[in-house]
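> Submitted below is the structure of interest, expressed as structure tokens.
The values are calculated or read from the model by the stated rules, or taken from the named source; none is laboratory data. Remember, predicted model here, so these are calculated numbers, not experimental data. Every residue, glycine as well, gets a Cβ built from its backbone with ideal geometry; the counts of neighbours run over all protein chains shown.
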Amino acid sequence: MEKRVFLIVLDSFGIGAEPDAAAFGDEGTNTLGAIANHPNFNCPNLKKLGLFNIDGVTAGEKDAAPIGSFARLQEQSMGKDTTIGHWEIAGVVSPKPLPTFPDGFPDSLIHEFEEKTGIRVNYQTAESNEALYSLIKMGGADFDVIVPSDYMIGRLIDEGLLLPLNFDNIPNYQYMDEAYKNTAYDPDNLYSVPYTWGTVGIIYNSAYVDEEDVGSWDLLWNSKYAGKILMFDNPRDAFAIAETMLGYSPNTRDEDELRAAAYKLIEQKPFVQAYVMDQIYDKMERGEAWIAPYYAGDYLMMAEENEDLRFCFPEEGFNFFTDALCIPTCATNKEGAEAYINFLCSPEVNGENLDYLGYSTPESAAKEYMDPETAASDIAYPSEETLSRGEAFLYLDQKTTHLMDSLWLEVKTEGETDYTPIIGISVTVLLTAVYLTARGVRDRRRRANRCKKWKT
């Protein structure tokens, strides 16, 4: 019987800085040590496995008789650990570090703000909305400005984790287009200021994909392209596609509809080359894959590398998302945070910034400061008719979220039941100033994060 190893990676749960941390501005970082200071910190199962017995770990209490095998690992690769560490676990050693901050955000803008205000900006990114939520919820962060996506903003508001904004300190809010006010996630405009927006569609390689096959999400289920199709590696985006195909809302809470969507995704699995996030760039640009769902802003930059790539807004509908600037309750410099939000809302700054990032601006006045070709793009700024088919994600209750997560696990493991599970835990060293992204680490400036957080 073939055996498989399940390696569970506790991403962003580092136990201290590596010897080369100073080379990346991360000397002295220790995520576990910081989290362990919270009064609600409790990891009994990891304690039993030997987490606190690892050499150099000072947090927690050692277990007298740990049941797991444990060790402290050091990467051979050069660079920050979150992405390169994953590669090394898979057997790929990188002698060259990946670009890190400020490649995902124009440092000229940050320097300008610092010069004008005297406030130093410590810019970081999070792997996902969910990772950001965990940091805020557990009290393991003290960020002054965060940029979550729409549905996560609703959750943070619901759980009392955002501070109301003083708009007297954000006069540039006047430039915000009316369409981005009174949103479903913040109907009274109390907690957020829109920062950017975008859409999800299908990227395809016109050199290999027949145009008559394009137009619907069912392209991702077309057996003709089996082995050349990529799929989102996160449940919210993946389920939204299946739900839309089935005629359901991507915000459905109906258990039967969620299970039907899961079955639809299982049907797709034989045609999928890989479930990806960050890996999409190289795979699509190099022609290793021909079809993939992804974000329009990233497509525009991918197309610069491969002129055969095209983008389609599926006829059934698609996700329309907004990322917004918020101040969490853990903020220690609210006035400085509001000054920074106001700075980012200046049409000139917003235009330059989003021209750099590749996503769309919620301020029409900002287009004056963007590349004219970008500002006129019908991908970045589709017609009202096209946008009418878009639907924003709303916050789903915990019961629905947990069900979706469990169904997603079933999708990913379908057909992989012939194994003897051997479970290992890799506790990777996290450097707290690591450049992380909502969609994965970008290796170019265009692959800028969607879920940011700042300490001012």
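> For residues that are among the hydroxyl-bearing types (Ser, Thr, Tyr) and assigned to a helix (DSSP H, G or I), scanning just region 293-348, find the one that is farthest from Asn205 (Cα to Cα).
Taking region 293-348 first, the residues among the hydroxyl-bearing types (Ser, Thr, Tyr) are 294-295, 299, 322, 329, 332, 340, 346.
Right, trim to assigned to a helix (DSSP H, G or I) and you get 299, 340.
On the way: Tyr299: 11, Tyr340: 40 Å.
Checking each candidate, the answer is Tyr340.
> Oh, and also: Out of region 389-409, which residues are surrounded by fewer than 17 Cβ atoms within 10 Å (Cβ to Cβ), in a loop (DSSP other than H, G, I, E, B) and of a type outside the set (D, E, K, R)?
Leu394
> Considering only residues of region 50-83 that are at positive phi and surrounded by 15 or more Cβ atoms within 10 Å (Cβ to Cβ), which is modelled with the highest pLDDT?
Only one residue tops the list, namely Gly50.
> Can you tell me which residue in region 178-193 is surrounded by the fewest Cβ atoms within 10 Å (Cβ to Cβ), limited to those that are modelled with pLDDT of 95 or more and either touching a Pro at 6+ places or on another chain (Cβ under 7 Å) or not in a loop (DSSP other than H, G, I, E, B) (or both)?
Checking each candidate, the answer is Leu190.
> Within region 199-209, track down each residue that is small (Gly, Ala, Ser) and in contact with a Lys or Arg (Cβ under 8 Å, 6 or more places away or on another chain).
The initial filter retains those residues of region 199-209 that are small (Gly, Ala, Ser), namely 201, 206-207.
Passing the criteria: only Ser206.
> Still on this structure: Of (1) at pLDDT below 85; (2) over 30 Å from Arg72 (Cβ atoms); (3) touching a Phe, Trp or Tyr at 6+ places or on another chain (Cβ under 9 Å), Gly415 satisfies all except one. Which?
(3)
> Out of Leu165, Leu230, Leu219, which single residue is hydrophobic (A, V, I, L, M, F, W, C), within 26 Å of the chain's Cα centre (by Cα) and in a strand (DSSP E or B)? First the steps, then the outcome.
Details: Leu165 fails: in a strand (DSSP E or B); Leu219 fails: in a strand (DSSP E or B).
Selected residue: Leu230, the only one of Leu165, Leu230, Leu219 that is hydrophobic (A, V, I, L, M, F, W, C), within 26 Å of the chain's Cα centre (by Cα) and in a strand (DSSP E or B).
> Scan region 353-360 and tell me whether some residue there is closer than 20 Å to Ala380 by Cβ, touching a Pro at 6+ places or on another chain (Cβ under 6 Å) and not in a helix (DSSP H, G or I).
no
> I've got another one for you. Can you confirm whether Thr332 is among the polar types (S, T, N, Q), out of contact with any helix residue (DSSP H, G or I) (no Cβ under 9 Å at 6 or more places or on another chain) and more than 25 Å from Ala184 (Cα to Cα)? Steps first, please.
Working: among the polar types (S, T, N, Q): yes; out of contact with any helix residue (DSSP H, G or I) (no Cβ under 9 Å at 6 or more places or on another chain): yes; more than 25 Å from Ala184 (Cα to Cα): yes.
Here the answer is yes, as Thr332 does meet what is asked.
> From the list Glu391, Glu368, pick out the single residue that is under 21 Å from Ser149 (Cα atoms) and modelled with pLDDT of 90 or more.
Numbers: Glu368 fails: under 21 Å from Ser149 (Cα atoms).
Result: Glu391 is the single residue among Glu391, Glu368 that is under 21 Å from Ser149 (Cα atoms) and modelled with pLDDT of 90 or more.
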